[in-house]
Every structure is written in C-alpha cells, then in structure tokens.
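The structure appears right after this line, and notes come after that.
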C-alpha cells in the first residue's frame with residue numbers, strides 16, 4: 001500500500017493484469033450522415049495504460065464521451081468492472097475519473113477549493129476531501145498555488161490540477177484526453193511522470209493522444225483509430241517488433257533530395273527511398289550497405305555530410321498502419337489546440 | 001447521504017460564486033426597492049396604496065431575481081464546459097438540477113422579502129395572511145426559477161438566454177395581472193395570461209396581502225405546483241436530449 005491507501009502492484013508501468021476493467025463491444029455513434037465511431041470493440045485490462053491514437057476527427061473524443069456517459073451510443077455496449085452501463089452510465093460514474101482535453105475547472109475558485117468541490121461531488125466528507133486535496137496539491141507540486149484562483153494558473157498548472165481533480169475520488173479507471181497538448185516541454189514531462197506514477201499505484205488509464213512518442217513511452221497496449229474504426233490494437237512490444245524487421249538509413253547532404261532518390265532508385269531498385277526534411281531515408285527489409293550508396297551520391301555530385309541508421313519508432317508503425325503522417329497530425333492538433341511543445 | 005453532500009456543496013459553491021457577489025446582492029436589494037419607490041411616487045396616492053401594489057412588486061422581484069442568474073449559473077457553465085463535471089458526477093440529473101436551481105430559489109425568495117419587509121416597516125399591513133404569503137412566495141420562486149432553467153437549457157449562449165428571458169419576462173409583467181387585473185386585458189390575450197404560472201402565484205399574493213384574489217386557492221396552488229413540475233420536466237428532457245447526445 002502507498003500513502004494514499006492504494007495497492008502498489010509489483011509490475012512495470014502500463015501493463016495490465018489480464019482482468020478486463022473496461023469492455024467495449026460494437027460501439028457505433030452517428031451524427032446525421034457522419035459515422036463518428038463505427039462499430040469499435042476493445043477491452044482495457046485492470047492496471048494497464050491503454051493508448052487510443054488517431055488523427056483529429058478520428059473519433060477519439062466521441063469514444064471518450066460515450067465511455068464516460070456524456071453521450072449515448074447508437075448501438076453497442078460498454079461495461080465497467082463487469083457492470084453494463086450502456087443505458088445507465090450513472091451506475092459506473094463513481095468508478096471513473098475524467099480529464100478532458102480542455103481544463104474545465106472553475107476559474108473563480110482556488111486550486112484547493114476546486115479539488116474540495118470535485119471531491120464533494122462524489123460524496124466525500126469534509127475532513128477527508130480536505131486531506132485528499134492537500135495531498136494531491138503536494139504530489140502535483142501545486143501547494144504554493146493552492147490558494148490562488150484557477151483562472152490565473154499557467155496552462156501546465158491547469159492541466160496538473162485538472163488531473164488531480166480527476167483522481168481525487170480514487171477512480172478505478174482514469175480517462176485522459178490529450179493530457180499534454182498545448183503545454184511546455186517541462187510541464188509535459190512532469191505530467192507524463194505523474195501518469196506513470198498514478199498507474200504504478202494501481203489506477204488503470206485510458207489515454208488519448210496524438211503524440212505517438214508519448215504513447216510509446218507510457219502505454220502497455222495501443223489502439224489506432226482512423227475515421228471511426230480501430231485499425232489495429234496490440235501491445236507496444238508487438239507493434240515495435242514489426243517495425244524492427246525494417247532497416248532504415250538516413251542521408252544528409254547538400255543538394256536536391258529528389259535527384260538523390262532518383263539516382264538511388266536507378267541503381268538500387270530494391271531499395272525504397274523517401275525524402276525527409278533532413279535529406280532522404282532509404283529503407284529495405286535487408287540490412288542497407290551504406291558505402292555503395294555514399295559513393296553513388298558523391299559520384300553524382302552530391303556531397304554527403306552524414307549517413308546514419310534510424311531506429312524504427314512507433315511513429316513509423318503508425319504511419320504504416322494508418323497511412324497518416326504523424327508529423328502532420330501533430331501540427332494539425334497543435335494548430336487547433338493552441339500552444340507549442 | 002453521499003448525494004446530499006454533493007447537493008449541499010453545489011448549492012454552497014453557487015451561493016459563493018454567484019449569489020453572494022456584490023452585484024447580485026445590490027441587484028437583489030435595489031431592484032425591489034426602486035420598484036416600490038417608483039410606484040409610490042408615480043401613483044401619488046401614498047402608503048395606503050402599498051397593499052394594492054405589493055403583490056405585483058413581490059412577483060416582479062422574484063421573476064427578475066431568479067431568471068437573471070440562471071443564464072450564468074447554467075448556460076455560462078455549460079459553455080465553459082465546467083457543467084460537464086456535474087453531469088459526470090454519480091448522482092441523478094434531477095438532483096443535480098435541483099441543486100443548481102436551489103440557489104436561485106433562495107435568491108428569488110430573499111428578493112421577495114425586500115418589498116415585503118419595506119411594506120411591513122412603512123405600514124402595518126393589517127390583513128396580511130402570512131400562512132398563505134410564505135408558501136406562495138416560495139412557489140412563485142420555484143416556478144420562476146424553473147422557467148429560467150427552461151430558458152437557460154434551451155439557449156446555447158449566455159446572451160441568447162438573456163434575450164429569451166426578456167422575451168418572457170416583460171410580457172409577463174402585463175399578462176399576469178401584476179399591476180392591473182387580467183380581466184382588464186383584451187379578451188384574446190386572457191388565455192395567454194391563464195397559461196402563465198405567475199398569474200396564479202400573483203393571485204395568491206393578492207389574496208394573502210389585500211384579500212382580493214380572483215381565483216380560488218384550490219385552483220391557484222395546484223396550477224402553480226403543476227407548472228413547477230412541468231417546467232422542471234421539460235428542462236430535464238431538453239438536457240437529456242441536447243446535452244447528453
């Protein structure tokens with residue numbers, strides 16, 4: 001047990017216990033002619049961090065609103081801890097915590113009062129909610145701002161307090177919708193650490209994010225959702241295993257990337273060449289021999305400044321599975337969500 | 001017990017955040033007093049007219065006091081998404097909306113007692129029936145609050161809610177017999193008067209203050225109660241249909 005009375009499982013962060021806590025079957029939601037969520041099914045195991053990845057408009061937030069009871073599905077079922085709450089979401093709301101994509105606490109209340117109020121909504125008595133609020137403010141490094149109005153907090157502080165408000169009633173599962181969007185790097189890192197700590201204390205986490213590296217770092221399993229449908233659900237390990245079968249070498253040089261790719265394509269037709277902002281990337285199922293490629297480019301008048309092996313990432317897997325450029329997805333989200341990282 | 005902790009804290013938060021703020025307190029005190037002074041000066045008849053004017057002033061104070069604040073406590077919170085926190089809490093929507101409206105009911109009732117206390121201080125009001133006046137005041141506050149709630153949940157923006165409120169409030173001053181009897185209205189407008197709960201509430205006030213009610217109490221009270229239930233039912237229905245899509 002830890003200081004908050006929660007079980008501390010002896011297991012790595014993000015991996016579940018194999019016992020389903022959230023079961024979703026054939027969930028569908030339409031808005032007029034648009035099918036926002038199209039028959040998705042998945043389970044989230046107790047104790048795991050489950051990542052839900054997809055571009056803007058893929059159906060992530062719609063799914064969360066259904067799972068938390070703010071929206072009704074057109075068909076399908078949702079079970080939390082074995083309790084069917086499709087038609088009666090109130091039945092499970094004491095078991096779930098929500099951190100929405102926008103911090104939605106009360107700007108006129110102080111950080112401490114916001115936490116106490118959120119605890120009161122779950123029927124927690126005065127002394128207990130005061131203790132929990134103080135403990136969370138300390139855990140989230142917000143004790144110095146406890147008496148300040150929430151409206152005056154920075155974005156990072158707002159996200160931290162919103163997460164604290166989402167867990168003050170000790171939910172079994174916490175839904176985190178884009179927890180680090182629009183905040184600075186240091187705050188995002190701290191929040192990721194807090195998520196990891198929460199999970200290691202036993203809280204199951206359902207995380208939606210468009211930051212693939214964040215999901216890779218935190219999650220045990222990931223579902224990719226595109227246009228309302230889940231295109232792949234697997235453990236991060238299995239997804240990465242697939243990526244490790246590929247060999248990628250990146251070349252940086254002075255010259256035109258398109259001409260470099262044309263040269264390589266003519267001489268080595270079995271290699272796949274693509275341009276990146278830094279230069280070109282050459283990919284093959286077999287190990288790539290760098291020497292002949294460098295010689296070819298230099299003979300063609302292209303001066304190579306760097307050639308290095310690129311380790312495959314979850315982002316590559318995401319691009320391959322969804323056909324969506326992860327960088328474009330991130331930029332699009334940051335434009336709509338505001339802020340930079 | 002747990003849900004009542006939530007209920008009490010929602011009421012307390014709204015009281016601190018909205019009703020006990022200086023602009024609302026000054027509105028609650030000044031608005032009824034200004035109306036009292038204005039009518040007395042305009043009529044030129046002096047304090048003996050107060051029992052005649054008091055039912056209308058009480059009704060008016062409640063109507064404006066309750067409907068003005070709900071655009072903020074409900075529509076504004078919905079727009080800012082903090083209302084989602086309440087919708088996600090583990091208690092019924094009905095209890096949540098009762099908690100959100102109880103502050104307005106108390107505020108409206110307190111507003112009503114400003115002209116009543118002023119009248120008690122200025123005249124002795126010999127025929128006052130407190131046993132009728134207090135429940136009538138409370139019921140008018142409930143029905144006006146639920147009317148404000150219906151408007152607030154029907155609107156998307158705060159300004160929209162305020163515009164809708166005025167669309168209802170100002171005609172009600174003339175249609176509900178606050179300052180001249182419904183019988184003096186054109187015949188085609190009277191059905192509209194009898195469809196508005198404030199007409200019945202004001203009639204009870206007339207009976208309890210001046211002894212001049214036009215309709216029987218056995219009609220006034222049930223109609224007022226029924227209106228409260230209907231307005232609340234429609235509001236919950238709209239939230240269920242539009243907010244939990």
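The values are calculated or read from the model by the stated rules, or taken from the named source; none is laboratory data. Keep in mind that this is a model prediction, so the values were computed, not measured. With ideal geometry, Cβ positions are generated from the backbone for all residues, glycine too; neighbour counts draw on all protein chains shown.
Mind checking whether some residue in segment A:133-140 is assigned by TED's automatic domain parsing to the domain that holds residue A:45, within 24 Å of residue A:48 (Cα to Cα) and not in a helix (DSSP H, G or I)? Before you say what the answer is, go through the steps one by one.
Our first condition is that a residue be assigned by TED's automatic domain parsing to the domain that holds residue A:45; within segment A:133-140, this holds for none.
No.
Among (1) under 24 Å from residue B:25 (Cβ atoms); (2) surrounded by 15 or more Cβ atoms within 10 Å (Cβ to Cβ), where does residue B:172 come up short?
(1)
Which condition number does residue B:239 fail, the rest of (1) assigned to a helix (DSSP H, G or I); (2) free of Cβ contacts under 8 Å to residues at least 60 places away in the same chain; (3) within 14 Å of chain A (Cβ to nearest Cβ) being met?
(2)
Pick out the one residue from A:121, A:207 that is crowded, with 21+ Cβ neighbours inside 10 Å and touching a strand residue (DSSP E or B) at 6+ places or on another chain (Cβ under 7 Å).
On the way: A:121 fails: touching a strand residue (DSSP E or B) at 6+ places or on another chain (Cβ under 7 Å).
After ruling out the rest, the residue left standing is A:207.
Which residue out of A:241, A:217 is in contact with a helix residue (DSSP H, G or I) (Cβ under 9 Å, 6 or more places away or on another chain) and not in a strand (DSSP E or B)?
Working: A:241 fails: in contact with a helix residue (DSSP H, G or I) (Cβ under 9 Å, 6 or more places away or on another chain).
Within the list A:241, A:217, the selection yields A:217.
Out of A:126, A:155, which single residue is surrounded by fewer than 19 Cβ atoms within 10 Å (Cβ to Cβ) and either within 14 Å of chain B (Cβ to nearest Cβ) or farther than 21 Å from residue A:180 by Cβ (or both)?
On the way: A:155 fails: either within 14 Å of chain B (Cβ to nearest Cβ) or farther than 21 Å from residue A:180 by Cβ (or both).
From the options A:126, A:155, the qualifying one is A:126.
Just to check your reading of the model, which residue among A:137, A:70, A:142, A:83 is within 14 Å of chain B (Cβ to nearest Cβ) and either more than 23 Å from the chain's Cα centre (by Cα) or more than 25 Å from residue A:228 (Cα to Cα) (or both)? Let's see the steps before the verdict.
Working: A:137 fails: within 14 Å of chain B (Cβ to nearest Cβ); A:70 fails: either more than 23 Å from the chain's Cα centre (by Cα) or more than 25 Å from residue A:228 (Cα to Cα) (or both); A:142 fails: within 14 Å of chain B (Cβ to nearest Cβ).
Within the list A:137, A:70, A:142, A:83, the selection yields A:83.
Which one is nearest to the other protein chains (Cβ to nearest Cβ) among residues in segment A:86-117 that are more than 20 Å from residue A:158 (Cβ to Cβ) and part of a helix (DSSP H, G or I)? If you could, list the steps in order and put the result at the bottom.
Start the filter on segment A:86-117 by keeping residues that are more than 20 Å from residue A:158 (Cβ to Cβ), which leaves A:86-96.
From the residues that got through so far, the ones that are part of a helix (DSSP H, G or I) too are A:89-92.
Working: A:89: 8, A:90: 6, A:91: 8, A:92: 8 Å.
The selected residue is A:90.
Would you mind finding the one in B:51, B:55, B:32 that is more than 18 Å from the chain's Cα centre (by Cα) and either over 29 Å from residue A:72 (Cβ atoms) or modelled with pLDDT of 90 or more (or both)?
Numbers: B:55 fails: more than 18 Å from the chain's Cα centre (by Cα); B:32 fails: more than 18 Å from the chain's Cα centre (by Cα).
Among B:51, B:55, B:32, only B:51 is more than 18 Å from the chain's Cα centre (by Cα) and either over 29 Å from residue A:72 (Cβ atoms) or modelled with pLDDT of 90 or more (or both).
Inside segment B:9-19, can you point out the residues that are facing chain A (nearest Cβ under 8 Å) and either surrounded by fewer than 15 Cβ atoms within 10 Å (Cβ to Cβ) or closer than 17 Å to residue B:70 by Cβ (or both)? Break it down stepwise before answering.
Of all residues in segment B:9-19, those facing chain A (nearest Cβ under 8 Å) come to B:9-10, B:13, B:17.
Passing the criteria: B:10, B:13, B:17.
Results for (1) surrounded by fewer than 22 Cβ atoms within 10 Å (Cβ to Cβ); (2) outside any loop (DSSP other than H, G, I, E, B), shown as yes or no for each residue.
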| site | (1), (2) |
| --- | --- |
| A:151 | yes, yes |
| A:162 | no, yes |
| A:166 | no, yes |
| A:176 | no, yes |
| A:181 | no, no |
| A:188 | yes, yes |
| A:193 | yes, yes |
| A:199 | no, yes |
| A:202 | yes, no |
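Checking the structure you have, find out if any residue of segment B:51-69 is within 14 Å of chain A (Cβ to nearest Cβ) and in contact (Cβ under 8 Å) with a residue 40 or more places away in the chain.
The initial filter retains those residues of segment B:51-69 that are within 14 Å of chain A (Cβ to nearest Cβ), namely none.
No: zero hits.
From the list A:302, A:230, which residue is modelled with pLDDT of 85 or more, assigned by TED's automatic domain parsing to the domain that holds residue A:37 and surrounded by 17 or more Cβ atoms within 10 Å (Cβ to Cβ)?
Details: A:302 fails: assigned by TED's automatic domain parsing to the domain that holds residue A:37.
None of the other options fit; the residue is A:230.
Scan segment A:264-275 and give yes if some residue there is more than 27 Å from residue A:177 (Cβ to Cβ), in a helix (DSSP H, G or I), in contact with a helix residue (DSSP H, G or I) (Cβ under 8 Å, 6 or more places away or on another chain) and at pLDDT 85 or above, otherwise no.
Taking segment A:264-275 as the starting set, the residues that turn out to be more than 27 Å from residue A:177 (Cβ to Cβ) are A:264-275.
With in a helix (DSSP H, G or I) added as a condition, the list becomes A:264-267.
Filter again for in contact with a helix residue (DSSP H, G or I) (Cβ under 8 Å, 6 or more places away or on another chain), leaving A:264, A:267.
Imposing the further condition that a residue be at pLDDT 85 or above reduces the set to A:264, A:267.
Scanning segment A:264-275 turns up at least one residue that is more than 27 Å from residue A:177 (Cβ to Cβ), in a helix (DSSP H, G or I), in contact with a helix residue (DSSP H, G or I) (Cβ under 8 Å, 6 or more places away or on another chain) and at pLDDT 85 or above.
Under 9 Å between Cβ atoms, at least 6 apart or on separate chains: pull out the pairs that start in segment A:270-296 with a residue that is on the phi > 0 side of the Ramachandran plot and end on any residue that is modelled with pLDDT under 90 and not in a strand (DSSP E or B).
A:279/A:255; A:279/A:257
Only one of B:31, B:76 is part of a helix (DSSP H, G or I) and closer than 28 Å to residue A:150 by Cβ. Can you tell me which? I'd like the intermediate steps shown before the answer.
Numbers: B:31 fails: closer than 28 Å to residue A:150 by Cβ.
Of the residues listed, the single one that is part of a helix (DSSP H, G or I) and closer than 28 Å to residue A:150 by Cβ is B:76.
What do you reckon, is residue B:38 within 14 Å of chain A (Cβ to nearest Cβ) and part of a helix (DSSP H, G or I)? So that I can check it myself, show each step before the final result.
Values: within 14 Å of chain A (Cβ to nearest Cβ): no; part of a helix (DSSP H, G or I): yes.
The answer is no for residue B:38.
Among (1) surrounded by fewer than 22 Cβ atoms within 10 Å (Cβ to Cβ); (2) within 14 Å of another protein chain (Cβ to nearest Cβ); (3) part of a helix (DSSP H, G or I), where does residue B:81 come up short?
(3)
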